[in-house]
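Worksheet: the structure to be examined is printed underneath.
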Amino acid sequence: MSPDATKPSHWCSVAYWEHRTRVGRLYAVYDQAVSIFYDLPQGSGFCLGQLNLEQRSESVRRTRSKIGFGILLSKEPDGVWAYNRGEHPIFVNSPTLDVPGGRALVVRKVPPGFSIKVFDFERSGLQHAPEPEAADGPYDPNSVRISFAKGWGPCYSRQFITSCPCWLEILLNNPR
């Protein structure tokens with residue numbers, strides 16, 4: 001048996017974006033839950049405050065300051081949950097949040113202190129929905145997009161997530 005055979009596999013990778021620019025490397029998640037935050041006095045996880053980018057717009061700086069304690073992303077038996085631990089809303093899009101058979105992009109607002117099942121394992125196995133018309137960039141049926149403090153989509157002035165100052169792409173590795 002090779003040494004790599006005993007390594008646990010990560011269940012997701014997290015990419016942090018500022019508008020259309022990915023900042024930093026993919027963050028592989030091995031534990032059942034991970035904190036993703038800007039400034040957390042104690043604890044461990046993915047600290048967005050430590051990621052540097054030479055040129056930052058003022059809107060990105062303002063939004064980064066609102067991330068605070070951020071989110072807790074947790075893999076549960078029924079799916080993946082996001083708990084909003086910050087003081088500002090988060091906005092979420094996922095193939096399993098969309099209306100079955102619907103063509104419009106669905107973005108859910110999650111207020112501070114609330115949670116949402118961002119990816120439903122059961123629904124993901126049943127869905128073979130067409131790619132949404134409002135998709136911005138490649139469409140991955142096993143990914144979740146989360147924006148901090150700014151919404152996007154048909155109900156917002158920002159039509160695409162790449163117009164949001166600070167957002168996460170959660171890439172699920174073997175969603176079950």
For region 11-25, pairs from a residue that is on the phi < 0 side of the Ramachandran plot and open to solvent by less than 10 Å² (accessible area, probe 1.4 Å) to a residue that is among the small types (Gly, Ala, Ser) and part of a strand (DSSP E or B), with Cβ under 7 Å and 6 or more apart or across chains, are Tyr16/Gly24
Of the residues in region 156-169, those that are touching a residue at least 40 places away in the same chain (Cβ under 8 Å) and either charged (D, E, K, R) or surrounded by fewer than 23 Cβ atoms within 10 Å (Cβ to Cβ) (or both) number 5
Across region 79-100, the tally of residues that are in contact (Cβ under 8 Å) with a residue 24 or more places away in the chain, in contact with a Lys or Arg (Cβ under 9 Å, 6 or more places away or on another chain) and under 15 Å from Asn142 (Cα atoms) stands at 8
Scanning region 144-166 residue by residue, the ones that are in a loop (DSSP other than H, G, I, E, B) and over 14 Å from the mean Cα position of the chain (by Cα) total 8
Being under 16 Å from the mean Cα position of the chain (by Cα) and polar (S, T, N, Q), is that true of even one residue in region 66-81?
yes
Just one listed residue, out of Ser124, Ser65, Ser57, is modelled with pLDDT under 95 and surrounded by fewer than 13 Cβ atoms within 10 Å (Cβ to Cβ), and it is Ser57
| message | Please verify whether Val106 is in a loop (DSSP other than H, G, I, E, B) and open to solvent by less than 60 Å² (accessible area, probe 1.4 Å), treating the condition exactly as stated. | response | yes
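Yes or no, residue by residue, for (1) in contact (Cβ under 8 Å) with a residue 12 or more places away in the chain; (2) of a type outside the set (Val, Ile, Thr); (3) not in a loop (DSSP other than H, G, I, E, B):
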residue	(1), (2), (3)
Asp39	yes, yes, no
Gly43	no, yes, no
Leu53	yes, yes, no
Arg64	yes, yes, yes
Phe69	yes, yes, no
Within region 68-94, residues among the aliphatic types (A, V, I, L, M) and either surrounded by 19 or more Cβ atoms within 10 Å (Cβ to Cβ) or touching a helix residue (DSSP H, G or I) at 6+ places or on another chain (Cβ under 8 Å) (or both) come out as Ile71, Leu73, Val80, Ala82, Ile90, Val92
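The values are calculated or read from the model by the stated rules, or taken from the named source; none is laboratory data. All values reported here derive from a predicted model rather than from experimental measurement. Neighbour counts are summed over all protein chains in view; Cβ atoms, including those assigned to glycine, are modelled from backbone coordinates with ideal geometry. For accessibility, only protein heavy atoms count, side chains too; no ligands or nucleic acids. Shrake-Rupley method; radii C 1.70, N 1.55, O 1.52, S 1.80 Å.
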